[in-house]
Structures are given as structure tokens and as C-alpha cells.
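Accompanying notes for the structure given below.
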Amino acid sequence: MKQETSLYLVGGFLGSGKTTAIIEAAKHLIQQGYKVGVITNDQGKYLVDTAFFRLESIPAVEVGGGCFCCNYDDLNDHIKELINQLSPDIIFAESVGSCADIVATVIKPLLTLDRDIITPKSLSVFVDGRMLTLWLDGSPMPFSDDVVYIFEKQMEEAGLLVINKRDLLIDDEIRLIQEKFPSRLPDQPFIFQNSHDPADVKSWVKMLISSEAVLPMNSLEIDYARYSHGEMQMAWLDETIRFEVEAGSAKDVLIAILQELLDGLKEQQVSIGHLKFVIRSEGVHNKLSLTTIETENWQDQVPEILDNQVEMLVNARVEATAEGLRNTVMAAINKAQKAFDFTFEESNIEFFHPGEPKPIHRFS
């Protein structure tokens, strides 16, 4: 029997704000009486996003160890898991930020092989409006050419392009996008959005439910050698760090560590896809996200913590060597220890480069 569950796929580059939008959309939909589940996706196994969805009481499962296309069977199993356990009206599936070619490797296989399980309804691709203005203006991009190639291909296959972080754009940048984007990708519908603004997110959700956000059906023409090289330029680091600090000093300790990390990456001229953290302590859970384009006043997002024990889940994605990223994180902690008295313990440590994408299915 066919399940009446709609699948909304969400793609887009690292740091574009996909997770924030899905959390706000899910909260809104749940308030409206919908049952909502989320499938997260990453090259790693210990995801900030999954942890944060669960902390927000949003049912979430994850496909780890590679993108949806390379783990199609896992994606399928998790769709069935959510349907069996939750009977959701809607599932959001958020692809890893270095993934492209979703139409040929995910949408078409679902429609062809698994159409009795779930119905894909749309593919929204998110892009940081500030990155888009650099690309449209011909300004230097913060990533190498093959990484930018992935960014371009993601936009090209969008059913709906969500130009996110509108609140961080000045009027001239908005006009630039409105004037130049249609000539670069003339067939792509797009909207501006601030995913922290409930009104914006409600408008996006309305488009999803009303099917205004279309499901693209044209498979990309994509150079897999170049795509693979772009992915492998990025380093992944995941770990959990538990700190024991002097009472009342936790916020200052965390800010010192993160500032040292940012300074270290900047000194090495390393481009950040995203740095994501979930910070947990007694009665506290906060998510913090940083990207290559600097986030002003990010320190304000670090919570006040009264307890002397705090846990930080780290997902770092940067264009560097994996070993170099690992060393930079350790150097940041060691430098902070010179200013503050604290001890730390690490677990679930992984640092690596993604492997070559090898889709299970690809429908041209």
C-alpha cells in the first residue's frame, strides 16, 4: 500500500544554511499538525545536525559515511524506518554539502525503483547569498576551481534555488543577484530567504506544500573526475570534546578555543566550508555555525554556562589537508590552555578526505 508521505529534498553547499531552514520549517509544520521526520547526510558519522534536530525534539535519522547517492540503500532503509515508526506526512532529506547530481542518483531511482514507498516532491538548493554575489560579480571565490564546480552544479540542478542569508546582503548585492543571476542560470526559479525569519520560512514551506517548488527531472551533465577531485580537496573532522573548567569560565574558554581555531585557519589561508558545534552542559544546548565569510558577533551565540563541565560536538569541513585540520584544532586548544585552567578529553575522533563518489544508481 502506497504511503502518503511527501519527500522534500534539500541540497546546497556547505554553510548555506540548510539545517537552520529545515529546523524552522519542521517546527512550523509540527505546530500546524503535520508529522515531520528528517534524514541528515554526511561523509562522517557523528553529526552536529542530527544531534541538534533531536535536541529540538524533531525525529531524525542519518545516512553517514558518504552521500545519499553512494548510500542509496541506507537512504531507502531510513525512509522506511521513519514511515514505519512515525507515519510522517513529510520527510525532509538534507544532502551533504559537497553533494551534487541528486536528480540522476536519488530522485530518478526513487521514482523508478521505490515509487510505492514515498513520493519525492521537490529539490530546494540553498546558496549563501554572499557567495553567490562573489560568483556573479566574477570576484575571487574562497575555494579552488574544482570545489566551486560543485557549487555551480548544485545550483544548476535546483528545482528551487533558495538564496539564503538575505539579511546579510546589502541592497546593491540584492540588485546584482536580481540583474545577473537570470542570465547565468536562466531556467532556475529562485527566492530570497532569511532562514531565521519565521515569515520567510513559512513562505518556503507554502511553496513546498503547494508544489510551487518543483521537482527537477533533467539529469546533470557532470564531469565525475572533476566532481571527485573537488570533494577530495575538502577535509572532514568530527569529534566530541569534554571540558572540565573552573566554574563560570566555560563561555570564555570556548570563545578562546574557537577564536584560536579561526585565527589558525586564517593564518594558513584555509577556506572554511563550515565549522559546526553543538555545545551541551547542564540545562544548556546550543548550536553554533561558522563559515568562510565571517560571521559577525558569533561570540554571542556561545551560551552562558554555569556548570564546570561542558561537552562540544565538532564538525569541521575545510579546504585543507585532514592532518593539517586536526593539528590546527589541537593547537587552538593548547593555546587556550595557556590563558585558562581546564582539562579536556576527546572521543569519536575522525579526520579524513571524502572518497570518490560512486553512485549506486544513475539514471541519465
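Filtering the range 180-206 to residues that are aromatic (Phe, Trp, Tyr) and under 14 Å from Gly129 (Cβ atoms) leaves Phe181, Phe190, Phe192.
Ile102 fulfils the conditions (1) touching a residue at least 40 places away in the same chain (Cβ under 8 Å); (2) over 19 Å from the mean Cα position of the chain (by Cα) except for a single criterion, (2).
Would you point out the residue of the range 45-77, among those that are out of contact with any Gly (no Cβ under 9 Å at 6 or more places or on another chain), part of a helix (DSSP H, G or I) and of a type outside the set (A, V, I, L, M, F, W, C), that is modelled with the lowest pLDDT? Even if it seems obvious, please write down each step before you answer.
Step one: filter the range 45-77 for residues out of contact with any Gly (no Cβ under 9 Å at 6 or more places or on another chain), giving 48-49, 51-57, 62-63, 67-69, 72-73, 75-77.
This time we only want the ones that are part of a helix (DSSP H, G or I), so: 48-49, 51-55, 69, 72-73, 75-77.
Checking the rest, the ones that are also of a type outside the set (A, V, I, L, M, F, W, C) come to 49, 54, 72-73, 76-77.
Working: Asp49: 87, Arg54: 90, Tyr72: 97, Asp73: 96, Asn76: 96, Asp77: 96.
In this case the residue turns out to be Asp49.
Scanning the range 126-165 for residues that are assigned to a strand (DSSP E or B) and among the acidic types (Asp, Glu) yields one hit, Asp128. Looking at the range 321-361, which of the residues that are small (Gly, Ala, Ser) and closer than 28 Å to Thr105 by Cα is modelled with the highest pLDDT? My answer is Ala322.
Being free of Cβ contacts under 8 Å to residues at least 24 places away in the same chain, of a type in the set (D, E, K, R) and on the phi < 0 side of the Ramachandran plot is the requirement here; does Lys287 meet it? Can you show your working first?
Details: free of Cβ contacts under 8 Å to residues at least 24 places away in the same chain: no; of a type in the set (D, E, K, R): yes; on the phi < 0 side of the Ramachandran plot: yes.
No.
Scan the range 132-160 and report the pairs whose first residue is in the same structural domain as Gln188 (by TED's automatic domain parsing) and more than 29 Å from Pro120 (Cβ to Cβ) and whose second residue is outside any helix (DSSP H, G or I) and among the hydrophobic types (A, V, I, L, M, F, W, C), with Cβ atoms within less than 6 Å and a gap of 6+ or a chain change. Going by the 6 Å Cβ cut-off, the qualifying pairs are Leu134/Met141.
Kindly provide the set of residues from the range 290-309 that are within 13 Å of Ile255 (Cα to Cα) and either part of a strand (DSSP E or B) or modelled with pLDDT under 90 (or both), ordered by number. The answer is Leu290, Asn297.
If the condition is being assigned to a helix (DSSP H, G or I) and more than 15 Å from Arg54 (Cα to Cα), then the range 26-35 contributes His28, Leu29, Gln31.
Conditions (1) surrounded by 20 or more Cβ atoms within 10 Å (Cβ to Cβ); (2) among the polar types (S, T, N, Q); (3) over 28 Å from Leu290 (Cβ atoms), marked per residue:
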| position | (1), (2), (3) |
| --- | --- |
| Ile163 | yes, no, no |
| Glu173 | no, no, no |
| Pro182 | no, no, yes |
| Ser203 | no, yes, no |
| Val214 | no, no, yes |
| Met232 | no, no, no |
| Ala235 | yes, no, no |
| Thr240 | no, yes, no |
| Glu246 | no, no, no |
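Is it the case that Val318 is closer than 27 Å to Ser95 by Cα, of a type in the set (A, V, I, L, M) and part of a strand (DSSP E or B)? Here the answer is yes, as Val318 does meet what is asked. Inspection of the range 258-280 finds no residue satisfying the criterion of being of a type in the set (Val, Ile, Thr) and farther than 25 Å from Ser98 by Cα.
When Ala256 is tested against the conditions (1) within 30 Å of Ile333 (Cβ to Cβ); (2) among the aliphatic types (A, V, I, L, M); (3) out of contact with any Asp or Glu (no Cβ under 7 Å at 6 or more places or on another chain); (4) not in a helix (DSSP H, G or I), the lone failure is (4). All told, Asp263 meets the bar of being in a helix (DSSP H, G or I) and surrounded by fewer than 18 Cβ atoms within 10 Å (Cβ to Cβ). Checked against (1) surrounded by 23 or more Cβ atoms within 10 Å (Cβ to Cβ); (2) in contact with a Ser or Thr (Cβ under 9 Å, 6 or more places away or on another chain); (3) over 18 Å from Asp197 (Cα atoms), Gly64 passes all but a single condition, namely (1).
The values are calculated or read from the model by the stated rules, or taken from the named source; none is laboratory data. Please read all numbers here as calculations on a predicted model, not as lab measurements. Reconstructed Cβ throughout: ideal geometry from the backbone, glycine too, with neighbour counts over all protein chains shown.
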